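Let me begin by presenting the structure, written as structure tokens, before commenting on it.
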Amino acid sequence: MIVRIDQDLCTGDGLCEQGCPQVFTIGDDGYAYVKDGIGISEKAAIPIHLEDSVLAAAEECPGGCIFLLAS
Ligand code: SF4
């Protein structure tokens, strides 16, 4: 699964980071990004064992800005 965040919709509240810090982080600009194993990015592939946590974060995201794609 690939997760992508649309920073234009992100409120910066940090709920995704709280729920799944292995995947999400808040960047210096105050918006959420995905950890890609090297740094942070708008999108990245995530390991299978974190998919449930990412799905929950997407459902709870108040900005509706976490998008999930089949990899
Ligand atoms: S939960 Fe959604 S709106 Fe909140 S920081 Fe994460 S991506 Fe942005």
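The values are calculated or read from the model by the stated rules, or taken from the named source; none is laboratory data. Given the structure is predicted, the values throughout are model-derived calculations rather than measurements. Note: ideal-geometry Cβ built from the backbone for every residue, glycine included; neighbour counts use all protein chains shown. All accessible areas refer to the heavy atoms of the entire protein, side chains included, with ligands and DNA or RNA removed. Shrake-Rupley method; radii C 1.70, N 1.55, O 1.52, S 1.80 Å.
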Item to complete: Starting from the residue with the highest accessible area, list D28, D13, D52 in decreasing order, probe 1.4 Å.
Response: D28, D52, D13
Fill in: Rel. contact order, % - alpha carbon contacts under 8 angstrom, at least six apart, the stretch 1-40
36 percent
Practice prompt. Please build a GNM for the chain, connecting alpha carbons under 10 Å apart, and tell me which residue among I38, I48, I26 fluctuates the most.
Written response: I38
Worksheet item: Taking K and R as +1 and D and E as -1, what net charge do the other residues with C-beta under 13 Å from the C-beta of D36 add up to?
Response: +2
Practice prompt. Averaging sequence separations of C-alpha pairs under 8 Å and six or more residues apart, then dividing by the length of the chain, give the relative contact order as a whole percent.
Written response: 45 percent
Fill in: Helix-only mean residue ellipticity at 222 nm for the chain, each DSSP H run of n ≥ 4 adding -39500 (n - 2.57), per residue, nearest 500
-5500 deg cm²/dmol
Worksheet item: Considering the zone a paramagnetic label at T25 would reach in this model (a point 7 Å from Cα along the Cα-to-Cβ line), which residues of the stretch 39-60 have amide N under 17 Å from it?
Response: 39-47
Worksheet item: Counting only protein heavy atoms and using a 1.4 Å probe, what share of the accessible area of the chain belongs to carbon plus sulfur, as a whole percent?
Response: 51 percent
Worksheet entry | Residues of the chain: accessible area per residue with a 1.4 Å probe, Å² | 60 Å²
Item to complete: Just grab the label-to-label distance for D6 and I38, each label 7 Å out from Cα along the Cβ direction, in nm (one decimal).
Response: 2.7 nm
Discussion item. Could you report the accessible area of L9 in Å², rounded to 10, computed with a 1.4 Å probe on the protein chains as they sit in the structure?
Written reply: 80 Å²
